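Some notes on the structure that comes next.
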Amino acid sequence: CQPFHNVVLPSVMQSIVLNISGGKARVKLRGRTEIESNANLIAGQYTKSLVCTLQGDIDFVGIHFQPTGLFRLLNQPMSKFSDAVNNLDRYGGSWAAAMFADILRDTSSEARISTIESHLSRQVFQAGYTIDLTQKIADLIHLSPGDTLLADIGSRYGLSERTMQRYFLKYVGVTPKKFASIARFNAVTKMIEMKKSLQWHGIFEEVGYVDHAHFARDFKKISGKTPTEYYQNKTEYEKFFYGA
């Protein structure tokens with residue numbers, strides 16, 4: 001059968017993708033070497049589009065995480081996963097292998113979800129003040145992408161710019177400024193998905209873009225395509241990566 005190409009845009013989340021069928025998928029981030037793998041994968045916080053090529057018998061289960069969720073699961077600096085796709089077996093250890101073995105025995109989507117939730121709830125640890133604060137700040141940025149000023153947030157929580165940057169690189173994988181730019185971009189792409197009739201001026205004003213040209217430049221830089229080129233050929237599969 002013909003390969004199925006997907007251009008996945010950045011969003012404010014990370015993911016784990018479990019390959020149930022064992023079929024191979026090719027994954028490439030713009031400007032990075034393409035990888036081909038039949039393994040279970042970790043997709044960290046990415047800042048450029050990700051191109052995923054699927055062919056053959058492919059059955060994936062995807063799990064989204066809040067910005068600090070993967071750190072709570074893997075207890076690894078998230079900067080090493082930024083703009084990268086890694087093998088889950090390398091970082092997940094025995095718990096990942098046990099979860100995957102149990103999923104393979106499941107015969108329905110509902111059973112798989114229950115198995116995943118059971119394993120992750122036992123594995124995810126509740127960290128201390130700094131990671132919870134980072135999650136709170138990430139939520140503020142995500143929910144108000146056009147209104148939130150990083151300097152104001154730092155002042156509110158008594159954090160210097162350097163300290164906030166250190167927290168984000170460790171727990172999220174990118175700087176607060178980069179995360180804010182992804183949140184703003186993601187807000188527009190989600191509105192495009194949700195609305196049949198768009199008032200472009202109002203949308204750009206709401207999320208902090210100066211105008212359509214500013215957004216179009218960002219879109220081309222991130223995805224390699226113009227908005228028109230992308231949405232003419234977008235697949236349903238790509239909606240998975242937009243997040244909630």
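The values are calculated or read from the model by the stated rules, or taken from the named source; none is laboratory data. Keep in mind that this is a model prediction, so the values were computed, not measured. Ideal geometry is used to build each Cβ from the backbone, glycine not excepted, and the neighbour counts take in all protein chains shown. The area values use the complete protein model at the heavy-atom level, side chains included, leaving out ligands, DNA and RNA. Shrake-Rupley method; radii C 1.70, N 1.55, O 1.52, S 1.80 Å.
Here is how the numbers come out for the structure above:
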read-out	value
Cβ-placed point charges (K, R +1; D, E -1), dipole of the range 43-139 about Cα centre in debye, nearest 20	340
Violating pairs (Cα-Cα greater than 24 angstrom) within the set LYS170/LYS190; LYS170/LYS225; LYS190/LYS221; LYS136/LYS170; LYS177/LYS220	LYS170/LYS190; LYS170/LYS225
Exposure rank, largest accessible area first [SER49, SER94, SER109, SER181; 1.4 Å]	SER94, SER109, SER181, SER49
HN-Hα J in Hz across the range 160-176 - Karplus 6.51, -1.76, 1.60, θ = phi - 60°, x for Gly and Pro	6, 4, 5, 5, 5, 5, 4, 4, 5, 5, 6, 9, 10, x, 9, 6, x
Rounded to whole Hz, the Karplus (6.51, -1.76, 1.60) HN-Hα couplings of the range 180-188, x for glycine and proline	5, 5, 5, 4, 5, 4, 4, 4, 5
